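Have a look at the structure below, then the notes.
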Amino acid sequence: MQAELIAGALGAEIKGISLKDSSPENWKQINELMLEHKVLFFRDQNISPIEQINLAKRFGPLEKHVYVKGLDEYPEILRIKKGASEKHQWGETWHTDVSYNTNPTKVIILRSRKIPPVGGDTMFSNMQLAYETLDVDIKKKINGKKAIHSSLGASAFVDKYEEMEGNGNLDEYSNSHPIVRTHPETGKKILYVNSMYTKKIIGIEKNESDEILKEIFLHQERLDFTCRFKWTENAVALWDNRCTLHQGLTDFFPGRGLGHERIMDRIAIEGERPS
Ligand code: SIN
């Protein structure tokens, strides 16, 4: 097994591990690597839906997405699909998955099926580093505070994509979580807000809350906290959603990346309530 770092902040490409093997020993090694690097990349892993599900189940109970329909045969798998003429793709700005839920996602396993020749890389950002480097005055202001995360707009967001299918649910979900959470496995502090779903800091007047959140979003989206994965077919990205942000880059510019499909299979594992 070899782990090659792909950036200074986070992310490693792993060689010499087969994801077809979901034995407890193989999973333990993968989990340890994930805790160390936060996001792992594997190439040439032609895993079946069942193999992807079996590996995912080792991390914990699988999560059902509140808005997006799963595959008919494998409801645990959500197919992220950008049609050939679509300019947008799902998950296209910085976020951490479903932070509006009570128990937001723990881990995501994303497997590529069809990849455009150019465009649609996925980016990740390290929220442990973002917390460690946060301005001391902001740290004081958010100390012990919670923020409201809301799915407002997220169901409409699904409808915006031609190939992604909603499950008919239009309810809004909202939960408050600590702005600084502690990672349940590593014990490290993590900045736990994101510009897609975090709306307001509880106990601070709206204008001031907007100002603080704006500063935090700018900080946490710094490029030096990130890594970027250029997909190939049958590649897998496996990440710790508790301590990272991610986005699928929407660089499908006319004359360059348009005119190609992008198809990914995503499985999410349910996490614990952030504390
Ligand atoms: C996501 O936000 O989960 C999707 C990322 C991607 O498709 O690259």
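Quick notes on this structure:
- Number of positions in segment 53-68 that are more than 17 Å from the chain's Cα centre (by Cα), in contact (Cβ under 8 Å) with a residue 60 or more places away in the chain and surrounded by 19 or more Cβ atoms within 10 Å (Cβ to Cβ): 0
- Across segment 95-135, the number of residues qualifying as aliphatic (A, V, I, L, M) and either part of a strand (DSSP E or B) or within 12 Å of the ligand (Cβ to nearest atom) (or both) comes to 7.
- For segment 259-275, the set of residues classified as of a type outside the set (Asp, Glu), away from the ligand (no atom under 12 Å from the Cβ) and either surrounded by 15 or more Cβ atoms within 10 Å (Cβ to Cβ) or outside any loop (DSSP other than H, G, I, E, B) (or both) consists of His260, Ile269, Gly271, Pro274, listed by residue number.
- Pairs with Cβ under 6 Å, 6+ apart, first in segment 233-256 and more than 26 Å from Ile216 (Cα to Cα) and of a type in the set (Val, Ile, Thr), second within 12 Å of the ligand (Cβ to nearest atom) and outside any loop (DSSP other than H, G, I, E, B): Val236/Arg111
- Scanning segment 177-194 for residues that are in a strand (DSSP E or B), crowded, with 17+ Cβ neighbours inside 10 Å and not basic (Lys, Arg) yields His177, Pro178, Val180, Ile190, Leu191.
- Scan of segment 53-64 for residues that are part of a loop (DSSP other than H, G, I, E, B) and either among the charged types (D, E, K, R) or modelled with pLDDT under 95 (or both), ordered by number: Glu63, Lys64
- The residue that is nearest to the ligand (Cβ to nearest atom), counting only those in segment 69-94 that are within 15 Å of the chain's Cα centre (by Cα) and not in a loop (DSSP other than H, G, I, E, B), is Ile80.
- Filtered by the rule that a residue be more than 10 Å from the ligand (Cβ to nearest atom) and not in a strand (DSSP E or B), segment 244-258 gives Asp251, Phe252, Phe253, Pro254, Gly255, Arg256, Gly257, Leu258.
- Of all residues in segment 36-92, those being in contact with a His (Cβ under 8 Å, 6 or more places away or on another chain) and among the polar types (S, T, N, Q) number 0.
The values are calculated or read from the model by the stated rules, or taken from the named source; none is laboratory data. Just so we're clear, the structure is a prediction, and the values are computed from it rather than from any experiment. Don't worry about glycine lacking a Cβ; one is built from the backbone with ideal geometry, like all the others, and counts go over all protein chains shown.
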